[in-house]
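Undergrad: One structure, as C-alpha cells, below. Some questions next.
Values quoted throughout were computed directly from the atomic coordinates according to the rules given, and no laboratory measurement underlies them. Given the structure is predicted, the values throughout are model-derived calculations rather than measurements. Positions of Cβ are generated from backbone atoms using ideal geometry, with glycine treated the same way; all protein chains shown enter the neighbour counts.
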Amino acid sequence: MFVFARAVTYATIFIALVLVFLPARILSSAGVTQPAALGPGQIAGMIVGALGAAVVVWCILAFAVVGKGTPAPFDPPRRLVVRGPYQFVRNPMYVGAGIALAGAALFYQSWAVVGYIGFLFVAATLLVMTYEEPTLRNLFGREYDAYCEKTGRWIPRW
C-alpha cells in the first residue's frame, strides 16, 4: 500500500510540474489565453490530452504494481518493468507526457507548446541515454539488455 502512496506522490509532482505548471507559464509568456469557444481543435486537444494522461497514469501504476517502486530516480523499481505500456516502448511515460502536451498544443493552438514538447523530447533523450539506461543496465544486467533488444526506446518494434 505504501508503494501506491509513493507513486501517487510522484505522479502528482510530475503531472503538476511537467504537464500543468510549465505549460501554463509558456502559454502565459506567449500571450495565449483560453479559447472563447470549444471548436474541433479544442475537442481533439482534450481527447489527445486525456489519452496521453492515461498513458502516464498507466505507467505509474505499472511501476507501483510490477516494479514495486516509482519512476522517480530516488525511488526506482525493485524489479524491471516490462509489462503494461513498457511492453511496447521503453519510455512510455515520456511518450504519454508528449501526447498529453500535444493535446494542450491542439487545444490552445500553440506553437510555443509544440516547442516545449521538442525541448522535453531532447532533454528526455539525453536523460535516458546518459543516466536511465546505464543505471538500468547496472541494476538488471542481461535482463535489461534482452528487453532493449526487443523493445524500442521511443517507437514500438513490431
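Undergrad: Looking only at the range 90-108, which residues have a backbone nitrogen under 15 Å from a spot 7 Å from the Cα of VAL20 in the C-beta direction?
TA: 101
Undergrad: Here's something else I'd like to know. Using only helices, what value at 222 nm comes out for the chain when you add -39,500 (n - 2.57) per DSSP H run of length 4 or more and divide by the total residues, to the nearest 500 deg cm²/dmol?
TA: Mean residue ellipticity at 222 nm (helix-derived): -21000 deg cm²/dmol.
Undergrad: Could you tell me how many degrees, from 0 to 90 and to the nearest 10, lie between the Cα long axis of helix 111-127 and the main elongation axis, the longest principal axis, of the Cα atoms of the chain?
TA: Once rounded, the angle reads 10 degrees.
Undergrad: Something else about it: Grab the other residues whose beta carbon is less than 15 angstrom from that of GLU149, score K and R as +1, D and E as -1, and report the net. Could you put the intermediate results ahead of the total?
TA: Values: positive: ARG90, ARG137, ARG142, LYS150, ARG153, ARG157; negative: GLU133, GLU143, ASP145.
Here the charged neighbours net out to +3.
Undergrad: Where does each of 138-146, 56-64 land if you order them by average Cβ count within 10 Å, highest first?
TA: Ranking the peptides 138-146, 56-64 by packing returns 56-64, 138-146.
Undergrad: Could I have the simple spin-label model distance between TRP154 and ALA54, label points 7 Å from Cα toward Cβ, reported in nm to one decimal?
TA: According to this spin-label approximation, the distance is 2.4 nm.
Undergrad: I've got another one for you. I need the calculated FRET efficiency for the pair ALA30 and VAL8, taking r as the beta carbon distance and R₀ as 25 Å, to the nearest 0.05.
TA: Efficiency, from the Cβ-Cβ distance: 0.20.
Undergrad: Of the labelled options [x] 10.5; [y] 9.8; [z] 11.3, which one gives mean projected area of the Cα convex hull in nm² as computed for this structure?
TA: Only one listed value fits the structure, namely [y].
Undergrad: Given Cα pairs under 8 Å that are at least 6 residues apart, what percent is the relative contact order of the chain?
TA: Reported as a whole number, the value is 28 percent.
Undergrad: Highest mean first, how do 100-112, 13-25 rank when packing is the count of other Cβ atoms within 10 Å averaged over residues?
TA: Output ranking for 100-112, 13-25: 100-112, 13-25.
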